[in-house]
1. Is it the case that the range 385-396 has a residue that's outside any helix (DSSP H, G or I) and open to solvent by 40 Å² or more (accessible area, probe 1.4 Å)?
2. Hey, among the residues in the range 275-285 that are open to solvent by 10 Å² or more (accessible area, probe 1.4 Å) and away from the ligand (no atom under 16 Å from the Cβ), which one's farthest from residue 125 (Cα to Cα)?
3. Residues of the range 263-286 being among the charged types (D, E, K, R) and within 25 Å of residue 73 (Cα to Cα), which ones?
4. Among the residues of the range 353-369, write down those that are assigned to a helix (DSSP H, G or I) and either under 12 Å from residue 179 (Cα atoms) or touching a strand residue (DSSP E or B) at 6+ places or on another chain (Cβ under 9 Å) (or both).
5. Can you confirm whether residue 141 is part of a helix (DSSP H, G or I), within 30 Å of residue 281 (Cα to Cα) and open to solvent by 40 Å² or more (accessible area, probe 1.4 Å)?
6. For residue 149, all conditions in the list (1) open to solvent by 10 Å² or more (accessible area, probe 1.4 Å); (2) β-branched (Val, Ile, Thr); (3) within 15 Å of the ligand (Cβ to nearest atom) hold save one; what is the number of the exception?
7. If you take the residues of the range 133-150 that are of a type in the set (Gly, Ala, Ser) and free of Cβ contacts under 8 Å to residues at least 60 places away in the same chain, which of them is farthest from residue 176 (Cα to Cα)?
8. Quick one: which residue in 315, 235 is among the charged types (D, E, K, R) and either away from the ligand (no atom under 16 Å from the Cβ) or not in a strand (DSSP E or B) (or both)?
Amino acid sequence: MAKLNENFGNLKKNYLFIEIAKRIKAYSEQNPDEAKKLIRMGIGDVTRPLAPVVVDAMVKAAKEMGEMETFRGYEDSGAGYDFLREAVSKYYKSFGADVPAEEIRISDGAKSDCGNIISIFGSGNTVLVTDPAYPVYVDSNIMNGNSVIFADSTEENGFNAMPDKNVKADLIYLCSPNNPTGSAYSKEQLKEWVDYALANDAVIIYDAAYEAFITEDNIPRSIYCIEGAKKCAIEICSLSKTASFTGTRCGYTVVPFDLVRKNSKGEDIKIADLWARRQGSCFNGVSYPVQRAAEAVFTEEGQKQCRENIAYYQENARIIMNALDEIGIKYTGGVNSPYVWLKCPNGMDSWAFFDMLLTKVQVVGTPGAGFGKNGDGWFRLTSFSTHEKTAEAMERVKSLLK
Ligand SMILES: *Cc1c(COP(=O)(O)O)cnc(C)c1O
């Protein structure tokens with residue numbers, strides 16, 4: 001009889017977005033007229049289309065695939081074409097991180113690599129995740145039979161959980177700028193994590209999916225802007241939020257060659273070799289047209305066009321922040337992130353606040369409680385809507401809470 005992976009039974013029910021949909025449906029059925037005014041400020045997906053140069057590159061590559069002379073089948077290494085790995089390497093250089101192309105592997109997005117990376121680590125690791133967090137870090141560990149401990153991101157630490165010398169973690173998941181809190185680590189804070197990892201022979205798995213939203217100088221765009229990080233950190237990044245690739249699918253993961261840990265025989269093992277083997281065995285690379293499209297993102301014109309979309313979202317974040325400032329509601333995020341994470345007024349819990357916004361002003365956001373225990377009492381609004389809808393939603397929120 002086929003035995004099942006019963007670790008799946010230990011996963012928490014993924015009920016956040018199901019519960020949101022259920023509450024919207026119930027409200028809409030009882031209040032069909034009001035429901036027409038609904039504005040969704042909870043989406044975690046981009047809305048601006050792909051940049052024109054990206055589309056052109058994808059079309060051109062698709063045509064190459066239709067000609068005998070230029071057709072491409074399997075990619076030799078599956079690590080990504082050199083043209084794209086070189087482009088990513090140059091991009092890293094533009095914000096002061098030294099990442100050679102050979103250390104970069106192209107992926108179909110950050111989520112798969114965030115989930116799969118755990119397979120190169122053994123059992124018995126103490127795995128540390130900041131709370132609240134993007135769910136894949138915890139879920140992938142539970143599926144693999146690992147338990148997880150949490151570092152608290154709270155109002156007191158600005159939702160930037162910091163290392164605790166009394167806790168010995170082996171694997172550490174960090175996401176900066178953070179989803180859901182929008183907070184981001186400064187150079188000094190990230191240095192503390194790097195120093196902690198080096199002192200403990202731990203490995204940091206660093207999710208940089210929102211790096212392109214960073215506006216402040218002291219917030220690093222990559223963990224490799226921090227000295228020592230190449231000896232202790234894997235970085236996972238994505239074009240999803242930076243270049244509207246959520247439906248196109250492309251990302252990249254860096255495992256530095258200096259990242260070496262000992263096996264149980266005391267031999268030095270390059271972690272990049274394990275990841276290369278894992279991907280070589282279980283992944284066959286990203287489609288050629290998508291890699292050409294991704295290459296176009298990193299051209300001068302591609303950066304210019306993608307930055308326009310990001311600026312559009314940043315303007316929405318400003319509209320949200322200005323409204324919250326006016327009514328005196330506390331928040332993090334928005335400045336280096338498409339997310340604004342606000343404190344529910346009058347000590348309300350996240351779901352009560354969700355219901356209030358839904359039923360009183362027909363604005364939908366995401367209850368913070370869905371991302372971990374420290375999310376309760378907090379609420380996420382996203383800047384991925386239009387200017388018009390964002391402004392209208394915030395006018396309604398202001399009129400309700402003033
Ligand atoms: C959206 C997001 C990603 C990107 O995932 P893709 O699979 O590349 O679309 C990664 N990490 C976080 C925290 C995200 O919010």
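1. yes
2. Filtering first and then ranking leaves 284.
3. If the condition is that a residue be among the charged types (D, E, K, R) and within 25 Å of residue 73 (Cα to Cα), then 273, 277, 278 are the ones that fit.
4. 353, 354, 357, 358, 361, 368, 369
5. Values: part of a helix (DSSP H, G or I): yes; within 30 Å of residue 281 (Cα to Cα): yes; open to solvent by 40 Å² or more (accessible area, probe 1.4 Å): no.
When the stated conditions are applied, residue 141 does not pass them.
6. (3)
7. Among them, the one singled out is 147.
8. On inspection, the qualifying residue turns out to be 315.
The values are calculated or read from the model by the stated rules, or taken from the named source; none is laboratory data. Small disclaimer: the values here were computed from a predicted structure and weren't measured. Every residue, glycine as well, gets a Cβ built from its backbone with ideal geometry; the counts of neighbours run over all protein chains shown. Protein only, heavy atoms only, side chains kept; ligands, DNA and RNA dropped before computing areas. Shrake-Rupley method; radii C 1.70, N 1.55, O 1.52, S 1.80 Å.
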